[in-house]
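Taken together, the values in this text are just the output of simple stated rules run on the coordinates, not laboratory data. Note that the structure is a prediction, hence the values are computed from the model and not measured. Every residue, glycine as well, gets a Cβ built from its backbone with ideal geometry; the counts of neighbours run over all protein chains shown.
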C-alpha cells in the first residue's frame with residue numbers, strides 16, 4: 001500500500017483516532033459532527049420507554065407523505081404504529097441495541113431500533129400486533145396494515161432487522177454522519193454476538209429514506225414474489 005494512502009480504518013487523522021477510541025456499547029457516546037461547529041453536539045444513548053412519544057413523532061415526520069395527510073389528521077400516530085409500533089412493543093426488541101440521538105437542546109433527533117429475531121417476529125408476533133391495530137383503527141382500510149414476511153434465506157443471511165430514522169431537516173452531512181456512527185456501534189455489537197448481516201424494509205414512497213440506507217452501504221435485494229410497496233435492503237459485515 002502506498003505511503004500516501006491511509007488505511008481506511010485510520011482516515012480522519014486525530015479526529016478519526018478520537019472517534020475510534022470512543023466508548024461503544026450500552027453507555028453514552030458523545031460525538032461532534034463538525035469539529036469547527038460547537039453548536040452541533042449530539043449524544044447517542046440507550047433508548048428508554050420514556051422515549052416512545054418522541055420517536056413516534058420523529059417517525060411520523062420523516063415518513064410523512066401528502067397522500068397520508070388526511071389519515072394523519074384523523075389518527076396522528078397511525079403511521080408510526082404501522083412502521084415501528086410492533087417493534088417498540090415487542091419482547092423481541094433488543095433494548096441493548098436500541099439507541100436515540102439527542103441534540104444540544106436535549107431533543108431526540110434520531111433513533112435506531114433493532115430486532116435480532118426478525119423471523120420469529122414476522123411469523124409469530126406481527127400478526128397479533130396488526131390485530132391490535134385493526135381494533136385501534138376500525139375505520140381504516142385493513143389493507144393499510146400489511147403483513148411482512150421475507151424469504152427464508154433473508155432470515156438466514158440478514159437475520160437482524162433494523163430501523164433508523166434521523167430528522168430530515170438537519171444538515172445532510174450530519175444525517176449521514178450520525179447514521180454511520182449508529183451503524184458502527186450496531187455492527188460492533190452484533191459482530192460480537194456472532195451476527196453477520198442485517199436488513200431493513202422501506203416503503204418505496206420514502207425515497208429519501210431509501211437513499212439514506214444506500215449511502216450507509218445497504219444494497220437493494222430484489223424479491224420476485226413481493227407484492228407490497230416495501231423495498232428490502234440488506235447489509236453484510
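Listed peptides 55-65, 80-90 appear in the order 80-90, 55-65 once ranked by packing, highest mean of other Cβ atoms within 10 Å at the front. Using only alpha carbons, segment 31-162 has a radius of gyration to Kirkwood radius ratio (Rg to Rh) of 1.02. So what does the Cα-only Debye profile of segment 117-237 read at q = 0.19, 0.22 Å⁻¹, as log10 I(q)/I(0), no solvent term? Each listed q corresponds, in turn, to -1.15, -1.32. Of interest is the spacing of the C-alpha centroids, which for segment 109-138 and segment 63-82 amounts to 17 Å.
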